[in-house]
Amino acid sequence: MALRTAGSVLVVFLWSVAVVLGQYGWSVTYTTQRICTLKGSTVDLTCSYTHPSGYTVTTTFWFTKMEAGKEPKDLGQDPEYAGRLEYHGDKKKDCTLKITDLRERDSATYKFRLLTDQTRGKYYGDPGVTLSVTALQVKVTSKTWPNWVTLTCITTCTLTDNPTYIWYKNGHKVKEDTSSLYSNYFSDTDSYSCAVKGHEDLHSPAVCVQGQRCTRVTYTKRRICVLKGSTVDISCTVGYYFTTSSFWFRSDRLIHKDITRDPKYLGRALERGPFTLRISDLREEDSAEYHFTYKQRNFEWGHSFPGTSLTVT
């Protein structure tokens, strides 16, 4: 009975709010009020708005902080978001904001603000969109003898849209599943990484199941954007490195061959030390994903593990 009564009160309250909004004509509707997404990805904060007739919209913007008695600050003027915001809205009803290259410090509640040609014609929409940005990490959940391990791909929030997880063992793709758990036999030199389907380039760091020395490749940068004609260094670090051969290659080539021996890179691509590829006189056609691989006796680092994406513009 108590639950039913509380529900009745809630319905009356919401109906009253709807009437007030309809009466004055101001509203902001957010398509999704909570989003959890990956660090490095892109998100759309979609919304629509209305205002009373007789008002002309002059300014629209999004903000995350509001101080009493002060006008909120436009995110477009915040250096933290420089080059990462795209406003896809208009001055009629759409107020969609795109944020690219997400960072964990972007986690906040975002609200839309509109100003009109009339002094009192200002409005912002509650409750806003609460955005949580998380990186992926592999955690060893349990280990049992002999050499059986259960791993979990963990996040700091529950990812939106029920993702599919991809697991890599020593750089080889080994599983694709909606479960964030993975179990298998392991050896002391094995490393594991997880990713979300559609965002494979945002995979977790490869971790050793046992100790700190294992077969793994960690790229210094996941994405690089440079100017045509310039020079770039693409580098990585390698764990448990004892090799019979190693080289860098492009993932979009049917056969994965040493890039320094490719005629199209003749005189432009060279290895600077064991783990750095330098490409000079860059061309737009050099835009690709570059991978490092190495071989040991009875072992080769997997070619399916995401590398460094290079964009030449």
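The values are calculated or read from the model by the stated rules, or taken from the named source; none is laboratory data. Here the structure is a predicted model, which means the values were calculated and not measured. Reconstructed Cβ throughout: ideal geometry from the backbone, glycine too, with neighbour counts over all protein chains shown.
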Any chance ARG297 is exposed (fewer than 15 other Cβ atoms within 10 Å of the Cβ), at pLDDT 90 or above, out of contact with any Cys (no Cβ under 6 Å at 6 or more places or on another chain) and not assigned by TED's automatic domain parsing to the domain that holds ILE166: no
Qualifying residue in the stretch 43-65 (condition: surrounded by 14 or more Cβ atoms within 10 Å (Cβ to Cβ), farther than 30 Å from PRO205 by Cα and basic (Lys, Arg)): no
Check on SER41, outside any strand (DSSP E or B) and under 18 Å from the mean Cα position of the chain (by Cα): yes
Among residues of the stretch 220-232, those that are within 19 Å of GLU284 (Cβ to Cβ) and within 23 Å of the chain's Cα centre (by Cα), counted: 4
Qualifying residue in the stretch 232-242 (condition: more than 21 Å from ASN298 (Cα to Cα), aliphatic (A, V, I, L, M) and surrounded by fewer than 16 Cβ atoms within 10 Å (Cβ to Cβ)): no
Lone unmet requirement of (1) without any contact (Cβ under 8 Å) to a residue 12 or more places away in the chain; (2) crowded, with 18+ Cβ neighbours inside 10 Å for THR144: (2)
From LEU277, LEU270, residue being among the aliphatic types (A, V, I, L, M), outside any loop (DSSP other than H, G, I, E, B) and either buried (at least 20 other Cβ atoms within 10 Å of the Cβ) or within 30 Å of the chain's Cα centre (by Cα) (or both): LEU277
Members of the stretch 156-181 that are surrounded by fewer than 21 Cβ atoms within 10 Å (Cβ to Cβ), touching a residue at least 24 places away in the same chain (Cβ under 8 Å) and either of a type in the set (A, V, I, L, M) or touching a Leu at 6+ places or on another chain (Cβ under 7 Å) (or both): LEU159, LEU181
The stretch 304-313: number of residues that are in contact with a strand residue (DSSP E or B) (Cβ under 6 Å, 6 or more places away or on another chain) and assigned to a loop (DSSP other than H, G, I, E, B): 3
